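The structure under discussion appears below in the form of structure tokens.
The values are calculated or read from the model by the stated rules, or taken from the named source; none is laboratory data. Worth saying up front: this structure is predicted, and the values here are computed from it rather than measured. Neighbour counts run over all protein chains shown; Cβ positions are idealised from the backbone, glycine included.
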Amino acid sequence: MKLLLTGSSGFVGSYFIDNYAKKYDIQTFSFLNDDFDSLHVEDIDVVVYLSALVHQMDGAAKEEYERVNVTQTLELAKKVKASCVKQFVFMSSVKVYGEESELCYTEHTTCKPQDEYGKSKLKAEQELQKLEDDDFVVSIIRTPIVYGYGVKANIRNLINLVNKISVLPFGGINNRRSMIYVGNLCFFLDAIIERQKGGIFLVSDDESLSTTRLIELIADNLGKKVYLVRVPFFESLLRVVKPSFHKRLYGSLEVDNKDTMRRVFGEGKPSLPYSVEEGIGLMVK
């Protein structure tokens, strides 16, 4: 089967190529480096669309999110559909639902994105679904935080923090955050390509973690002795001084992957190949 993969330089794309190049004939395309008009897709079976302007802590212009996450996505989708490509797999985000919440998100939760990134991802999903028909399958994968070797941003910063500081004020945090190890995500990606499954899918590791437990697992795999203490005023201070950090450290963002797993793998008791403990270990080591 011949795949066209965008976003191959990212850590998800790199992992997929490294682990599935023997199964698929993978062609890559970059909107930054390659000429769209010269792209030939007549012999492509499936497009795996990983390109994105990702969520920026300091934000980005609405027009830029629209251009990268919506316009470019649809340009490619329309081009490959016209060339009889069978399936278009779009990597979306749980940001389409909104922000941290005590509610556990499912495929049927109403989408209320709060930032321009989430809004652009939801718009791209909706426009892609309009293109779907009996000959063109659209598969939308909504992910929480993806982690693994090469991860950047918050997870990378947390690993560096644990590696440098032995006493941290993150004890006793009982939030629930869903994540997905890159190996589990690519396993799932392979499964929906192999089965040509369309629709909206919500993927995550089979277990959510608290911030405290995540730090403990990182420390264990770094071989570091870290003391996590609870400092009551620290949370209150962080809520005022750095509300975005407070949400990520103390807020919950949990998804329920049971319906997705059942639709793709059947009524048995399907599971992903890596536990969250194994995923954290592989990322750190």
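Going through (1) loosely packed, with under 13 Cβ neighbours inside 10 Å; (2) among the small types (G, A, S); (3) touching a helix residue (DSSP H, G or I) at 6+ places or on another chain (Cβ under 9 Å) one by one, A60 falls short only on (1). Restricting to the stretch 71-96, name every residue that is hydrophobic (A, V, I, L, M, F, W, C), under 19 Å from Y117 (Cβ atoms) and within 17 Å of the chain's Cα centre (by Cα). Listed by number, the residues that qualify are F90, M91, V94, V96. From the list L74, L131, L122, L53, the lone residue that is in contact with a Lys or Arg (Cβ under 9 Å, 6 or more places away or on another chain) and over 27 Å from E254 (Cβ atoms) is L131.
Scanning the stretch 239-256 for residues that are among the small types (G, A, S) and either free of Cβ contacts under 8 Å to residues at least 60 places away in the same chain or in a helix (DSSP H, G or I) (or both) yields a single hit, S244.
Every residue, every condition in (1) surrounded by fewer than 19 Cβ atoms within 10 Å (Cβ to Cβ); (2) within 30 Å of Q87 (Cα to Cα), yes or no:
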| residue | (1), (2) |
| --- | --- |
| G172 | yes, no |
| I180 | no, yes |
| D206 | yes, yes |
| L214 | no, no |
| D220 | yes, no |
| L228 | yes, no |
| F234 | yes, no |
| L249 | no, no |
| I280 | no, no |
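Only residues that are β-branched (V, I, T) and more than 22 Å from N257 (Cα to Cα) were counted across the stretch 119-154, and they come to 1.
Scanning the stretch 158-167 turns up one or more residues that are touching a strand residue (DSSP E or B) at 6+ places or on another chain (Cβ under 7 Å), assigned to a loop (DSSP other than H, G, I, E, B) and touching a residue at least 60 places away in the same chain (Cβ under 8 Å). Has the stretch 68-89 got any residue that is within 25 Å of S244 (Cα to Cα) and either crowded, with 17+ Cβ neighbours inside 10 Å or among the aromatic types (F, W, Y) (or both)? Yes: one or more hits.
From the list I140, I155, which one is within 15 Å of the chain's Cα centre (by Cα) and at pLDDT 95 or above? Only one candidate qualifies: I140. Screening D45 on (1) of a type outside the set (G, A, S); (2) over 22 Å from K123 (Cα atoms); (3) out of contact with any Lys or Arg (no Cβ under 6 Å at 6 or more places or on another chain) shows it passes everything except condition (3). Entry remark, the stretch 2-53: residues being within 19 Å of V138 (Cα to Cα), at pLDDT below 95 and more than 21 Å from the chain's Cα centre (by Cα) number 3 in total.
Scanning the stretch 251-278 for residues that are surrounded by 13 or more Cβ atoms within 10 Å (Cβ to Cβ), under 16 Å from G199 (Cβ atoms), over 17 Å from the mean Cα position of the chain (by Cα) and not charged (D, E, K, R) yields V264, F265. There is at least one residue in the stretch 111-132 that is touching a Leu at 6+ places or on another chain (Cβ under 6 Å) and not in a helix (DSSP H, G or I).
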